[in-house]
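The values are calculated or read from the model by the stated rules, or taken from the named source; none is laboratory data. Remember, it's a predicted structure, so these values are computed and weren't measured experimentally. A quick note on method: Cβ atoms are made from the backbone with ideal geometry, for glycine too, and the neighbour counts reach across all protein chains shown. Note: areas computed on protein heavy atoms with side chains; ligands, DNA, RNA excluded. Shrake-Rupley method; radii C 1.70, N 1.55, O 1.52, S 1.80 Å.
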Amino acid sequence: MNTSNGIMTQSSSSGATQSPGLKTYFKTPEGRYKLQYEKTHPSGLLHYAHGKTVTQVTLAHLKDKPAPSTPTASSSSFSASSGVRSAAARLLGGSNGSRALSFVGGNGSSKNNGGNSRIGSIGASSTSSSMANPNFDGKGTYLIFNVGDAIFISDLNSQDKDPIKSIHFSNSNPVCHAFDQDSKDGHDLLIGLNSGDVYSVSLRQQLQDVGKKLVGALHYNKDGSVNNSRCTCIAWVPGGDGAFVVSHSDGNLYVYEKNKDGAGDSSFPVVKDQTQFSVAHARYSKSNPIARWHICQGSINSISFSMDGAYLATVGRDGYLRVFDYSKEQLICGGKSYYGALLCCAWSMDGKYILTGGEDDLVQVWSMEDRKVVAWGEGHGSWVSGVAFDSYWSSPNSNDNGETVVYRFGSVGQDTQLLLWDLEMDEIVVPLRRPAGGSPTYSTGSQSSHWDNVVPLGTLQPAPSMRDVPKISPLVAHRVHTEPLSGLIFTQESVLTACREGHIKVWMRPGVAADTQSTNSENLLATSLKDNKPSLSTKITNSPYKQ
């Protein structure tokens, strides 16, 4: 794929055909973001079930470390310079013609495949599921995404459009996943299914294997034994030493420990009041899950941990954001959307603000200090399906104390648009109080000392009046896909957008040269993750599309 002056041409290796009417760049005050790569799934493999699930994307960085002493570890004897070669290279052979392809392998050196650039036979090979892939060198940065009945894994830094690995599920569709950058024992990838089943696996082990099934998986909530409703979101607990949480479409969230047997007896008492938050713990020490949190009536659509793991935010079909003190298992605060369900949520790096988006087409900015909405972002023409703070963007005017005074964040919606926003806290006008029969008074800033009455702990705020909340407009509004969008993610060098049909676009930041991405992206991402200490899984916030 070649990009020059914002015009995209198709090369034999990438096959990244841009849809007509969509620009390959968008402008911001700091410069142009240019479309660099596109990632997708092999179209010939789509099951009839495609369309029943929405694509979610997880970014995973595998550090360079010695492989475990397993039969599949022979692949790690290759030096890093040998690069990551696609497992599909073994499957393709010269089946679709003898034309050789050459493209840059982002996590290593160049690679050549015979056949065309589509991985038409991936996952359909008759090779043994335990067969090792000798071309995997044990490190790199990958995109993990679900489409239909499969999980696909793509090399983020390769120009190749197609995935290097597919994992198929026979009984149910994968709908959510999460990656733990700092996993201690190898099991770093979680996958939740439409059936309620949950798996934990080693990403490195999946890449070392050329088969199309999960290998070395631990299975939790097997056949929906604890909860047979759909998994909606899954997350590692930051600093939780292997603990993870899974939310379900029936309003329940379960806490698991990955090192415990997934088959342990875990029966919980019946929820007495579906409208009230309640926590029940497993009766036996060997049980897994170890706890059930009943959050709300109706589906939990998305969950997100603060970067330090102290707080857990959830949004649901009932339109409420809820924030919990995770270790104390206590509801701290929350509030209702202006209208309809909330579909997505995300924390700022400093834990001061939470973004939510949903069916009212608004992006809401919540202040943890005030426990209220402090701004509404107006600009989407349909439901907001993904939100995220850009933790890699630095404000040109930070104050003397080094505190963030301007936050950059993004949102995507079912209107196919990516919106970027700058939130300048000094310019936000927050309504203080509304005297009886009078007009509200205002103050700049968002200090809790400004409020006449402190909001009691655990209070869920009603939907605010439209005139009481300051409005902000997007810095950028760009139509990035032809299909409704499902999420976005910010990296050191790029912004990734994904549509619900399984197409991902990588937009390079201004000033990032295309030819340096392959060599530098992995190191920059690793450094950024280490320095900023974000949540364990850098992940696209996603929400289910209502059928």
Qualifying positions in the stretch 252-269 - farther than 15 Å from residue 187 by Cβ and either modelled with pLDDT under 95 or surrounded by 24 or more Cβ atoms within 10 Å (Cβ to Cβ) (or both): 253, 254, 263, 264, 265, 266, 267, 268, 269
Residue in the stretch 231-243 that is buried (at least 19 other Cβ atoms within 10 Å of the Cβ) and over 20 Å from the mean Cα position of the chain (by Cα) present: no
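Per-residue answers, yes or no, for (1) open to solvent by 20 Å² or more (accessible area, probe 1.4 Å); (2) within 21 Å of residue 56 (Cβ to Cβ):
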residue: 323; (1), (2): no, no
residue: 327; (1), (2): yes, no
residue: 333; (1), (2): no, no
residue: 359; (1), (2): yes, yes
residue: 366; (1), (2): no, no
residue: 371; (1), (2): yes, no
residue: 376; (1), (2): no, no
residue: 385; (1), (2): no, yes
Residue 506 more than 13 Å from the chain's Cα centre (by Cα) and within 14 Å of residue 380 (Cβ to Cβ): no
Any hit, the stretch 322-339, residues being farther than 24 Å from residue 299 by Cβ and part of a strand (DSSP E or B): no
Any pair with Cβ under 9 angstrom, 6 or more apart, that starts in the stretch 284-304 at a residue that is at positive phi and ends at one that is outside any strand (DSSP E or B): 298/249; 298/250; 298/251; 298/274; 298/317; 298/318; 298/341
Count of the stretch 200-230 residues which are open to solvent by less than 10 Å² (accessible area, probe 1.4 Å) and closer than 16 Å to residue 58 by Cα: 5
Qualifying residue in the stretch 344-355 (condition: assigned by the TED database to the domain that holds residue 256, surrounded by fewer than 23 Cβ atoms within 10 Å (Cβ to Cβ), farther than 23 Å from residue 194 by Cα and not β-branched (Val, Ile, Thr)): no
Qualifying residue in the stretch 278-292 (condition: surrounded by 21 or more Cβ atoms within 10 Å (Cβ to Cβ) and not in a loop (DSSP other than H, G, I, E, B)): yes
